[in-house]
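The values are calculated or read from the model by the stated rules, or taken from the named source; none is laboratory data. From a predicted model like this one, the values you see are computed outputs, not experimental measurements. Cβ atoms come from the backbone with ideal geometry, glycine included; neighbour counts cover every protein chain shown. Note: areas computed on protein heavy atoms with side chains; ligands, DNA, RNA excluded. Shrake-Rupley method; radii C 1.70, N 1.55, O 1.52, S 1.80 Å.
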Amino acid sequence: MLNVLKKIVQEVSVAPDLESVLNLIVRRIQRSMATQVCSVYLFDPNDQCYVLMASEGLNKEAVGRVRLSATEGLVGTVVVRAEPINLENAAEHPAFKYVESTGEERFSSFLGVPIIHHRDVLGVLVVQQKKIRRFDESEEAFLVTLSAQLAGAIAHAEATGSLGTRGASNDSIVDLRFEGVAGSSGVAIGSATVIAPPADLASVPDKEAKDIQNEIDSFQEALKLVRRDIKVVGRSLAQRLRTEEQALFDVYLRMLDDNALAGEVVARIEQGNWAQGALREVVTEHVRQFSMMDDPYLRERATDIKDLGRRVLAYLQDAAPATLEFTDETILVADELTPAMLGEVPSEKLVGLVSVNGSSNSHAAILARSMGIPTIMGAVDLPLTRIDGRELILDGYSGRIYVQPGEDLLHAYRDIARGEKEQETELEAIKDLPAETTDGFIMPLWVNTGLIADVARSLERGAEGIGLYRTEVPFMIRDFFPSEQEQQQTYRKQLEAFAPRPVTMRTLDIGGDKALPYFPIEEENPFLGWRGIRVTLDHPEIFLVQVRAMLRAGEGYDNLRIMLPMVTSVREVEEASRQIDRAVRELQEEGLKIKRPLVGVMVEVPAAVYQVRRFARRVDFISVGSNDLTQYLLAVDRNNPRVADLYVSYHPAVLKALKHIAEEAHKEESSVSICGEVASEPGGALLLMAMGYDVLSMNATNLPKVKAVIRSVSKKDADKLLSEVMAMDDADRIQLLIDERLEELGIALPAKPILPV
Ligand code: PEP
Ligand code: MG
């Protein structure tokens with residue numbers, strides 16, 4: 001049974017649209033359970049009822065016509081109870097409702113199972129038989145398991161299905177909504193440009209072919225080059241392969257024939273899709289067919305076709321590099337946004353970002369916040385291949401994306417965008433004033449940087465220092481490790497621009513969701529793996545070069561601070577300190593006039609929370625990385641949109657840890673700062689100030705807002721808020737209380753649109 005289950009799930013995952021998904025499900029279930037009927041009902045939000053969407057066994061004319069309210073019939077009972085109902089004679093059940101058009105009066109036994117996705121009942125799967133008998137336990141278990149596995153695929157097909165293919169007639173549909181996770185607040189209205197990593201067939205968008213003949217010629221040229229490659233490889237391996245293995249190369253070549261893949265791709269180009277899109281369509285279709293085959297040998301061919309497709313695509317992309325066109329209001333859309341992608345669009349044209357994967361504390365989202373670009377992460381149902389060139393509205397407050405918005409919606413969002421601009425102008429007035437409470441307490445506000453552009457933005461917004469410079473960012477947008485001299489030049493720009501104000505440079509923090517293309521780290525569990533200080537201590541050559549570059553860059557400014565990420569033990573601190581001492585000594589011997597910089601430890605993991613005093617005795621400052629600390633304390637992957645709701649900064653456990661760290665650091669008279677995103681939230685900043693943090697470091701975008709909030713409260717009010725919050729048990733209630741207090745204090749919260757649900 002497990003094999004049957006796997007196969008059905010696999011087939012469904014590659015089905016092209018909702019109709020095929022549902023038809024496939026009912027056909028396969030009916031056959032594998034040997035029942036007379038299998039049907040699927042799905043919820044229609046427009047008229048709040050469950051519609052018979054597909055059936056094997058019931059009258060075909062009933063499909064799409066039978067509609068049951070959420071409490072009607074046995075289907076309604078399954079919905080209300082959100083659990084299976086298994087009956088040997090359905091007609092005897094009080095909830096049974098006879099629907100004439102289905103012809104179901106012939107069937108006695110009934111097993112209905114809810115299809116539940118993210119706690120919502122999407123629909124009901126039903127099997128029926130003529131014979132009066134209860135479905136046995138293993139049949140019920142099979143259907144429940146299948147339903148749980150298919151729910152995601154059905155939800156995805158439902159969400160994406162509403163958006164037609166290129167040029168299709170339902171282009172007239174407006175206000176199509178997709179849900180994601182709010183990554184960076186603000187509103188963006190613009191046109192989508194899909195960006196994909198090279199040779200990634202799955203994310204190639206459909207596009208209108210500008211010159212059909214030209215597209216066909218490029219495709220033929222790419223084919224020629226792939227054929228040549230295959231022949232070369234085949235010849236070079238000829239001695240080592242058996243005859244039947246050699247024959248595989250002939251199979252590959254035949255697959256590329258005009259009367260196989262190539263002919264179909266050309267036909268699709270002739271219908272108007274560009275070569276890359278046509279190739280994706282044809283390869284996807286063939287992969288789907290092959291992966292459904294019973295014969296394991298033939299099923300394996302799906303991998304070959306994918307590989308051939310990728311090879312042809314790589315040549316097509318080589319021949320037409322950087323074909324991306326950016327409109328004046330570009331919204332960049334990617335399967336997985338990377339810092340390098342952000343740099344692809346001229347900054348004056350980039351108004352919004354969307355990532356299908358990732359969540360609000362992924363590094364792409366953090367960078368987007370520092371650039372002040374409205375961003376949606378984890379938009380898992382967005383049909384990447386059909387979105388290029390469409391008009392979008394991004395709502396960076398709620399995490400919603402609207403495709404093909406109508407005039408009313410555009411109007412509402414343009415108003416919000418205007419409001420945001422006005423608020424920004426008002427905040428400019430306090431740029432040069434200190435973050436001073438009404439009773440005279442001064443809270444130093446620093447910034448987090450990574451990109452060169454952050455420096456100017458931070459200074460414009462009145463930052464008093466850099467609390468976290470993410471040095472890995474410049475490493476991520478290159479093709480190989482930067483040399484000591486290159487690093488020195490990059491770092492100097494930050495140190496020079498801020499001098500004499502302090503600049504805290506974090507040593508390379510790679511691993512987790514921060515990959516270097518030229519230093520891949522493949523791990524099952526990257527957030528618990530080789531990251532941060534663990535990598536750099538294992539590679540002293542990388543660490544030393546970086547520290548030397550920092551020290552050189554700081555010569556003459558005397559404002560460098562060095563900070564160590566992902567520390568879990570005293571031994572790591574001591575080893576890193578020794579390396580820093582060595583670099584200082586070497587450079588002094590080389591004649592540089594440098595002093596040992598201040599060195600600090602980041603508290604980002606639970607183990608560090610309980611060793612703050614030990615660390616504080618060995619270094620000059622403590623800085624809390626609350627983004628990681630929250631992920632590790634709550635056991636919630638900061639990158640995973642599925643658990644984004646569980647990632648909460650105001651969780652009582654997180655707040656307790658943050659307070660404890662500040663108290664422990666002060667016992668050793670050490671300065672303690674925080675550079676996680678919670679410091680950028682007005683409410684978070686007030687709590688942290690009350691906890692005694694000496695510095696709050698945040699994204700430049702939010703700094704003026706945080707400053708305005710601090711300037712409008714007294715330290716006494718903040719202390720009172722903290723003691724109330726610390727006595728509470730629930731993060732949602734804490735959030736509500738904070739919002740309420742901010743409102744009472746007359747502090748305008750960020751404009752939140754009130755829009756149709
Ligand atoms: C943190 O974890 O809070 C932090 C500041 O580091 P990063 O977000 O770069 O992991
Ligand atoms: Mg971190």
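What the table shows:
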quantity	calculated
Stokes-Einstein diffusion coefficient of the range 2-163, Kirkwood radius over Cα pairs, 37 °C, 0.692 mPa s, in µm²/s	212 µm²/s
Contact order relative to length of the range 432-744, as percent, for alpha carbon pairs under 8 angstrom and 6 or more apart	20 percent
Accessible area (Å², 1.4 Å probe, nearest 10) - GLU740	100 Å²
Proximal lysines to LYS593, defined as alpha-carbon separation beneath 30 angstrom and excluding residues fewer than eight positions away on the same chain	LYS493
LYS306 accessible area, assembled protein chains, probe 1.4 Å, Å²	120 Å²
For the range 432-744: rounded, prolate or oblate by the Cα gyration tensor [a/c cutoff 1.5]	prolate
Charge sum, other residues only, whose C-beta stays under 15 Å from THR35's C-beta, Lys/Arg counted +1 and Asp/Glu -1	+2
Among ALA159, THR536, LEU74 the positive-end extreme of the charge dipole of the chain (Cβ point charges)	THR536
Derived scalar couplings ³J(HN,Hα) [the range 342-353; Karplus, 6.51 cos²θ - 1.76 cosθ + 1.60; whole Hz; x for Gly, Pro]	4, x, 6, 9, x, 4, 6, 9, 8, 10, x, 9
Charge dipole magnitude, Cβ of K and R +1, D and E -1 - the range 531-689, Cα centre, debye nearest 20	240 debye
Whole-Hz couplings from phi, Karplus 6.51/-1.76/1.60, listed for the range 557-568; x for Gly and Pro	9, 6, 10, 7, 10, 10, 10, 9, x, 6, 7, 10
Cα extents of the chain along the three principal axes, largest first (Å)	87, 72, 50
Under-5 Å amide H pairs with LYS349, H placed in peptide plane, nonlocal only	none
Net dipole in debye of the chain [+1 Lys, Arg Cβ; -1 Asp, Glu Cβ; about Cα centre; nearest 20]	1420 debye
Packing rank of 540-548, 626-634, where each peptide gets the mean count of other beta carbons within 10 Å, highest leading	626-634, 540-548
Amide H within-cut-off set for LEU176, under 5 Å, with H built and near neighbours excluded	VAL403
Nearby aspartates and glutamates by direct alpha-carbon distance to LYS306 (threshold 17 angstrom, same-chain neighbours under 8 apart not counted)	GLU11, ASP200, ASP229, ASP250, ASP257, GLU264, GLU281, GLU285
Under 20 Å from the Cα of LYS97 - aspartates and glutamates, other chains or at least 8 residues apart	ASP44, ASP47, GLU56, GLU61, GLU72, GLU83, GLU88, GLU105
Residue-normalised accessible area of the chain, given per residue in Å² at a 1.4 Å probe	44 Å²
For the range 384-499: rounded, prolate or oblate by the Cα gyration tensor [a/c cutoff 1.5]	oblate
Long-range HN-HN contacts of SER671 with modeled amide H, under 5 Å	ILE622
Rounded tilt (10° steps) of 731-744 against the dominant C-alpha axis of the chain	60 degrees
Contact order normalised by residue count of the chain, Cα under 8 Å, 6+ apart, percent	11 percent
Percent carbon-and-sulfur accessible area, the chain, ignoring ligands, DNA and RNA, probe 1.4 Å	50 percent
The chain, helix-only ellipticity at 222 nm - DSSP H runs n ≥ 4, -39,500 (n - 2.57), divided by all residues, nearest 500	-14000 deg cm²/dmol
Cβ-placed point charges (K, R +1; D, E -1), dipole of the range 604-757 about Cα centre in debye, nearest 20	320 debye
Surface accessible to a 1.4 Å probe, LEU279 within the full protein complex, Å²	10 Å²
Residue-wise HN-Hα coupling along the range 113-126, computed from phi with Karplus coefficients 6.51, -1.76, 1.60 (Hz; x: Gly, Pro)	10, x, 9, 10, 10, 6, 6, 9, 7, 6, x, 9, 9, 10
Of LYS659/LYS705; LYS659/LYS715; LYS421/LYS705; LYS656/LYS720, pairs whose Cα-Cα distance is over 18 Å	LYS659/LYS705
Residue order for TYR610, TYR252 - accessible surface, 1.4 angstrom probe, largest first	TYR610, TYR252
Cα gyration tensor category, rounded, prolate or oblate, for the range 201-319 with a/c compared to 1.5	oblate
Dipole-positive endmost among LEU433, VAL584, ILE562 within the chain (Cβ charges, Cα centre)	VAL584
